[in-house]
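First comes the structure, then the notes that go with it.
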Amino acid sequence: MRNIACTFNVDGVPTKINLRKLPRQRRFQAIIDRNITEYIISDETNEIEYYEGPVLSDYLFTRIATLIKQYFPNVRAIMKIGEDNYEDYDDY
């Protein structure tokens, strides 16, 4: 499991964020003020999506999505875009 801690200024207030990748899953936890919001990487579109927990502002979502893409580049979707099912996916 990997953790990243950073601080962003949101409306002039420093906001500390802990970002945690859950092991063996494509899920991430953003911990802000003891509230946990989870995000996943979609199986089909390879985009980061909200999963559960309190909904964060668009500003924080874009910052968290950028952190995930930057620090966890090897986490990919299971299916390729445009493939019909899991049988069409080549395992390498």
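The values are calculated or read from the model by the stated rules, or taken from the named source; none is laboratory data. All values derive from a computational prediction rather than experimental measurement. No Cβ is skipped: glycine too gets one built from the backbone with ideal geometry, and neighbour counts run over all protein chains shown. Side chains included, ligands, DNA and RNA excluded: accessible areas come from the protein's heavy atoms. Shrake-Rupley method; radii C 1.70, N 1.55, O 1.52, S 1.80 Å.
Keeping every protein chain present and rolling a 1.4 Å probe, give me the accessible area per residue for the range 15-55 in Å².
61
I want the local charge near residue 51. Using Cβ-Cβ distances under 12 Å, sum +1 for each Lys or Arg and -1 for each Asp or Glu among the other residues.
-1
Please compute the net charge surrounding residue 27, taking Lys and Arg as +1 and Asp and Glu as -1 over other residues with Cβ under 10 Å from its Cβ.
+2
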